[in-house]
Every structure is written in C-alpha cells, then in structure tokens.
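Notes to accompany the following structure.
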Amino acid sequence: AASAQLQLAVPVAVVFAPGSVPGDLPRPLPFRDVQEMEISVNLRTSITSRYETVYRSTTAQEEAALNVATAQEADAALCPLQDASLGSLTVYVVPETSSVLPQGVSVYVGKHRSALVRAGGNLATLRTRLRQLTQVMSFAASSIATALSDRVPDSQLGPDARRHLKSSLGYEITFSLLNPDPKSHDVDWDIEDAVNRYVQPVLDKLSLVANFSVDSQILYYAVLGVTPRFDKETSSFILSAHSLPHVINPVEARLGSSAASLYPVLNFLLYVPERSHSPLYIQDKDGAPVSTNAFHSPRWGGIMVYNVEAPGSPQASLPLHVDVDMVRVMEVFLAQLRLLFGLSREELPPDFLLESPGNEGLADWELDRLLWAHTVENIATVSTTLTSLAQLLDKIGNIVIKDDVASEVYQAVASAQSAMAELATGHLHSAFQASKEAVTSSERAFFDPSLLHLLYFPDDQKFAIYIPLFLPMAVPILLSLAKIVREARQRKKEPTKMD
C-alpha cells in the first residue's frame with residue numbers, strides 16, 4: 001500500500017571514562033535505555049526513531065586510548081575498539097576537566113562512528129548533548145523528510161530538499177572542460193590524475209551507496225548562453241545571479257546526451273572564458289563576487305569559471321598555454337558533489353567541533369546518514385511503483401500477467417518488508433541492500449515488455465485498427481445475408497400450391 005509506518009532503530013553506546021559518571025544515574029552501570037521519537041511525514045506515512053542506548057564504563061583498552069594528547073589521536077585509537085556496524089554510534093564521555101578536548105569544545109565528532117563528549121555534571125546536560133549529537137551524526141527529521149520529498153507538502157521541506165539527487169542504483173559523473181576560444185588559449189588539464197587523486201577516494205567510500213562511472217571531455221567553441229556585463233570600475237566582466245539559470249541550457253546541448261543514460265548524470269564544467277570576456281566573475285544575489293567563482297544547479301551539477309592571466313606583453317604569441325590548477329578546481333567540484341548528495345554540514349551548536357573527513361571526502365557517520373535517507377526513500381519508491389502498477393492493471397481488463405512479472409512483484413514486496421524489518425532492528429547495511437533489491441524488482445515488474453505493449457492498445461484503438469481490414473470483406477457477406485433473409489420472408493408470404 002502507499003501508506004508506510006517505518007521504524008528506524010539506532011544502536012548507541014554511551015561509554016563513561018573514569019571520573020565522568022554523572023551522580024544522578026537512575027541505575028548502576030551497565031544498563032539499557034530506549035528513547036522513541038515520532039517523525040510525522042503525512043497522514044499515511046509516519047516514522048518512529050528508536051535510540052537503543054547502552055550505558056557502560058570504559059574497558060582498559062578504551063581507557064588507554066583516551067589517555068592521549070589530542071582528540072584526533074583518541075579518535076584514531078578508539079576506532080578499532082568500537083562497534084563498526086553501519087548506523088551505530090559510540091559516544092565516549094570524558095571528565096569535565098579532561099584536556100583531550102580543546103578549550104571551549106564540549107562535543108567532538110570524529111571521522112568514524114564515534115564522538116567525545118564532556119560529562120557536564122548531571123544526566124540532563126548529558127542527555128541534551130546526546131540528543132544534539134544524534135541529530136548531527138545519525139538522521140534528523142529534516143533529512144528523512146527530504147528523502148520522502150514526494151510525499152511531503154512543500155511547506156515542511158527545507159530550502160535544500162530539492163537540491164539533493166534522488167536515490168539511484170548508479171550515477172554517471174562527467175567532467176567537461178569548455179574552451180570557447182582555442183585560438184587564444186591552449187588549455188591543458190590533467191583530469192585523469194585529478195580524478196584518481198581527489199575524486200576516486202570519495203567514490204570508493206560511496207561505492208556502498210551506488211555504482212559510479214566517471215568520464216571527461218574537452219569541448220571547443222562551446223560558449224555560455226549569456227553575454228556577461230562589462231564592469232568599468234573593475235574592468236572585468238560580470239555574470240549576475242539572475243542570469244545563471246540561462247547559462248546551462250545552451251551548454252547542455254553540447255554536453256552529449258544524458259537521455260541515453262540509465263542513471264542520473266552529474267555534470268561538472270570548467271569554463272575558461274574567451275579572451276574578449278576575460279576576466280569573468282560570478283556575482284551573488286547581493287552583487288558580491290562569489291569567492292569560488294562557481295555555482296551549482298540542483299540535481300544537475302556545477303560550473304566553475306577559470307580565469308586565465310592576461311599576457312604581460314601585448315606581443316605575446318597566441319594561443320597562450322594554460323595549465324589548470326587541478327587542486328583548486330577539484331576542491332570546488334568535490335564541495336558541489338557533497339551538496340548534490342545532501343552531505344552539506346548543517347549549523348552546529350558553538351561548542352561542537354567536527355573533524356574534517358580528510359582525503360576520503362566524507363566521514364563514516366555521513367555515509368550512514370546517506371544510507372538512512374536512501375533506504376527510506378527506496379522503500380517509499382517501491383511502495384509508489386507497486387501501487388501505480390496495481391492501479392494500472394486494474395484499469396486494463398484483458399491484461400495477462402506472466403509468472404515472471406508476478407514473481408518480481410512478490411520479490412519486491414518481500415524485499416521491502418525485509419528492509420523495514422532490518423531497519424526496525426537497527427541493521428542499516430542489510431536494510432539498505434534489501435531496499436535496493438526491492439527497487440530493482442519493482443522496476444523490472446513495472447517496465448516488463450509483456451505489460452508495456454498492452455498499455456498502448458486500449459480497446460478503441462483495436463477497433464480503429466481492425467475495422468478498416470474487415471470492412472471490405474464484411475460488405476459482400478452482409479449483402480448476401482440480407483438477400484437470404486429477404487428470400488426467406490418471400491417464401492413465407494407465398495401460399496404453397498395445392499396439387
């Protein structure tokens with residue numbers, strides 16, 4: 001059915017270091033506690049989040065790992081000791097006076113699935129910090145509402161909800177270098193090395209979420225669809241925020257067809273402006289220059305303008321050789337990639353410190369957030385697909401459903417139920433895998449060729465096709481029948497002759 005009651009269970013371990021146990025704990029350690037929160041999406045869809053928390057003391061190994069100089073070292077040392085299953089969280093509570101956390105920081109979120117928290121004296125303070133922490137590291141009501149954006153009224157969605165890519169089994173990423181003026185600029189970019197060095201580690205981490213393919217191209221004489229405005233004061237050219245949407249369509253026509261792709265395509269464009277429009281700067285809505293000189297388009301990709309230094313002497317021979325600084329470019333494109341996947345960092349309380357994910361581009365807990373959202377979205381998609389299929393089959397009376405289509409439908413329902421059961425027990429990895437299988441089966445059933453041709457043959461169309469064929473044959477038959485009927489009537493009227 002199109003209604004869904006989902007339960008998301010998050011296993012949380014709260015581990016107290018010596019000297020950090022609040023005095024007002026309800027029971028002696030270790031003990032368990034479950035907190036439930038309801039996220040209401042709409043009348044037919046509700047989500048219950050269950051935080052299943054275990055409170056315990058540190059082991060000797062954990063205690064040793066916490067006795068280091070910095071939070072980064074502690075995070076690295078604790079990683080092998082904690083529950084590494086997807087979706088789980090481990091919170092290490094350190095004494096209020098601990099020097100492992102920097103001054104003024106109460107909560108440190110690491111690269112993996114753990115955080116360090118100052119005790120705060122009593123249980124109420126600790127619980128508040130834990131609640132803030134689960135909102136950051138696990139899933140928030142907003143991220144679940146975004147995943148179910150098709151079912152949620154727009155008024156409940158945040159401004160970023162439509163920016164994120166829909167959940168898919170795969171994505172194609174295309175890097176394009178646009179050189180509209182090859183007579184003036186001979187542009188060279190080492191895209192292969194840059195992808196291997198900066199993009200691949202991120203995609204390796206995201207490989208759990210979907211399959212990725214990456215390609216690149218150089219397009220010559222491809223211009224933006226908007227003529228930039230010349231600004232006398234800075235003697236530069238300006239692209240204003242309101243003209244940016246008009247930039248994409250003309251460029252997209254040159255990019256190669258994404259219609260042939262099974263999966264969503266992400267386009268990242270590096271544009272080297274022609275000499276007559278250099279330097280070119282992008283302005284935001286308030287007229288201030290954009291520091292990255294780039295902008296992104298929701299669910300589509302991003303464009304970065306890369307200005308070339310003007311030659312020192314006017315006699316310099318053209319074309320100028322340009323070596324693109326790939327570090328600067330990739331920083332921008334990776335930030336845009338994170339935005340498209342909904343991995344942008346939210347506003348945090350001032351005493352929070354988030355560790356940078358480094359070369360991998362995203363922390364383990366950010367991957368979990370993505371998986372929670374995609375699992376919920378997949379289950380909703382399967383429910384919608386199967387409901388649409390059922391309504392369609394109801395409308396077409398003479399449809400024959402083959403066994404393999406029926407088995408795909410059963411498989412989709414079974415996998416979706418399995419995904420919901422795994423979510424309710426806190427097994428995020430198996431829930432996500434089951435939700436992917438459910439999507440695959442439901443799509444196979446919906447787009448099965450045996451159903452497809454019947455959709456295009458309603459009854460009135462059959463009449464329109466067959467009447468012209470049968471009419472020429474039917475005319476002589478009908479005339480003969482009419483003659484036979486007339487003769488039969490004539491016989492009845494004539495009295496039989498008596499001998």
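The values are calculated or read from the model by the stated rules, or taken from the named source; none is laboratory data. Remember, predicted model here, so these are calculated numbers, not experimental data. Counting neighbours? That spans all protein chains shown, and the Cβs are built from the backbone with ideal geometry, glycine included. Heads up: the accessible areas ignore ligands, DNA and RNA and are worked out on the full protein's heavy atoms, side chains in. Shrake-Rupley method; radii C 1.70, N 1.55, O 1.52, S 1.80 Å.
Values for this structure:
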read-out: For segment 27-107, the fraction of alpha-carbon pairs in successive 5 Å shells from zero, as %; value: 3, 11, 17, 19, 16, 13, 8, 6, 4, 2, 0
read-out: Tail weight of P(r) past 13 Å, computed on alpha-carbon pairs of segment 74-127, percent; value: 58 percent
read-out: ³J(HN,Hα), Karplus 6.51/-1.76/1.60, whole Hz, each residue of segment 196-206, x for Gly, Pro; value: 4, 7, 10, 8, 4, x, 5, 5, 4, 5, 7
read-out: Spacing of the two label points (7 Å from each Cα toward its C-beta) at Ser207 and Ser240, in nm; value: 4.8 nm
read-out: Straight-distance crosslink candidates among lysines, where the alpha carbon sits under 17 Å from Lys205 and sequence neighbours closer than 8 are dropped; value: Lys111
read-out: Relative contact order [Cα under 8 Å, 6+ residues apart], the chain, whole percent; value: 16 percent
read-out: Simple spin-label estimate for Phe230 and Lys462 in nanometres, 7 Å along Cα-Cβ; value: 7.0 nm
read-out: Value of Rg to Rh for segment 170-341 (Rh from inverse mean 1/r over Cα pairs, i.e. Kirkwood); value: 0.97
read-out: Cα pair distances of segment 301-398 binned at 5 Å [whole percent]; value: 2, 8, 12, 12, 11, 10, 9, 8, 8, 7, 6, 4, 2, 1, 1, 0
read-out: Among Phe341, Ile401, Ile379 the positive-end extreme of the charge dipole of the chain (Cβ point charges); value: Ile401
read-out: Dmax and Rg, reported as Rg then Dmax, of segment 389-438 (C-alpha, Å); value: 14.1, 44
read-out: Helical contribution to [θ] at 222 nm, DSSP H n ≥ 4, -39,500 (n - 2.57), averaged over the chain, rounded to 500; value: -12000 deg cm²/dmol
read-out: Relative frequency of Cα-Cα separations exceeding 34 Å in the chain, percent; value: 54 percent
read-out: In Å², nearest 10: area of Arg50 left accessible to a 1.4 Å probe; value: 60 Å²
read-out: Potential extension, Thr59-Glu36 segment - 0.36 nm per residue separation minus Cα distance; value: 5.5 nm
read-out: Other-chain or far-sequence residues with amide H under 5 Å of Ile173's (modelled H); value: Ser213, Val214, Asp215, Leu266
read-out: Within the accessible area of segment 50-112 (1.4 Å probe), percent carbon and sulfur; value: 53 percent
read-out: FRET E, pair Arg44, Thr425, Förster distance 25 Å, beta-carbon r, rounded to 0.05; value: 0.60
read-out: DSSP bridge orientation in the chain - percent antiparallel, rounded to nearest 5; value: 30 percent
read-out: Three principal axis lengths of segment 343-489 [C-alpha, angstrom, descending]; value: 104, 28, 25
read-out: Whole-number accessible area per residue in Å² for the chain, which is evaluated in the context of all protein chains at 1.4 Å; value: 52 Å²
read-out: Heavy-atom accessible surface of segment 194-319: percent carbon and sulfur, 1.4 Å; value: 53 percent
read-out: Range of Cα positions in segment 166-212 per principal axis (Å), largest first; value: 44, 23, 10
read-out: J(HN,Hα) series, segment 172-178, from Karplus relation 6.51 cos²θ - 1.76 cosθ + 1.60, nearest Hz, glycine and proline x; value: 10, 10, 10, 9, 10, 9, 9
read-out: Convex hull volume of segment 1-159 per residue (C-alpha atoms, cubic angstrom); value: 134 Å³
